[in-house]
1. Using 0.36 nm times the number of residues separating residue 77 and residue 93, minus their current alpha carbon distance, what extension gain do you get?
2. Which listed residue (23, 11, 49) has the Cα farthest towards the positive end of the charge dipole for the range 1-51, taking +1 on Lys and Arg C-beta and -1 on Asp and Glu C-beta about the Cα centre?
3. Among 57, 79, 40, which one shows the biggest mean-square fluctuation in a GNM of the chain, springs joining Cα atoms closer than 10 Å?
4. 7 Å from Cα along Cα→Cβ at both residue 101 and residue 14: what's the point-to-point distance in nm?
5. By the gyration tensor of its Cα atoms, with a ≥ b ≥ c the square roots of the eigenvalues, what is the shape of the range 1-48: rounded for a/c under 1.5, prolate for a/b over b/c, or oblate?
6. Which lysines have a Cα less than 20 Å from the Cα of residue 2, not counting those fewer than 8 places away in the same chain?
7. I'd like the distance between the alpha-carbon centres of the range 21-51 and the range 53-102, rounded to an integer number of Å.
8. What 222 nm value per residue comes from the helices of the chain, counting each DSSP H run with n ≥ 4 as -39,500 (n - 2.57) and dividing by all residues, nearest 500 deg cm²/dmol?
Amino acid sequence: MKKKLPISVRSGLKKLGDSLKKARLRRRLKMVTIADRAGISRETLAKIQKGDSGVSIGNYAAVIFALGLGVEWMGLADISEDKVGQALDEERIPRRARDIKA
């Protein structure tokens with residue numbers, strides 16, 4: 001059985017889809033044009049614009065690229081910006097060094 005996504009994820013995808021739709025409309029581009037540029041069907045683009053969680057992240061990325069919105073989103077999960085992960089790594093550092101036994 002498919003697990004339901006948290007509401008914050010669903011609302012985030014809906015907001016992203018709405019933003020992509022507005023970006024397309026501001027550029028006065030037809031859905032078929034963006035779909036062709038992104039290499040997806042018009043129906044998939046319609047799902048993306050609704051924030052459908054069943055559409056692959058690759059298709060979302062293709063639409064972002066087709067709209068010319070840049071690649072800044074790729075830094076979203078940059079490990080150099082992962083403060084929680086860095087703090088956890090710091091906790092794991094040994095308090096003192098020990099000789100390695102041969």
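1. Details: separation 16, 0.36 × 16 = 5.76 nm, distance 2.30 nm.
Roughly 3.5 nm would be gained on extension.
2. After comparing all options, I get 11.
3. Comparing 57, 79, 40 in a Gaussian network model of the chain, the most mobile one is 79.
4. Roughly 6.1 nm, to one decimal.
5. Working: a/c = 4.25, a/b = 1.71, b/c = 2.48.
Verdict is oblate for the range 1-48.
6. Answer for residue 2, where 20 Å is the Cα cut-off: 14, 47, 50, listed by chain and number.
7. Cα centroid to Cα centroid, the span is 28 Å.
8. Working: 5 runs with 57 residues, N = 102.
Taken over the chain, the calculation gives -17000 deg cm²/dmol.
The values are calculated or read from the model by the stated rules, or taken from the named source; none is laboratory data. These numbers were taken from a predicted model, which means no experiment stands behind them. Positions of Cβ are backbone-derived with ideal geometry, glycine not excepted, and every protein chain shown enters the neighbour counts. Only protein heavy atoms, including side chains, enter the accessible area calculation; ligands, DNA and RNA are left aside. Shrake-Rupley method; radii C 1.70, N 1.55, O 1.52, S 1.80 Å.
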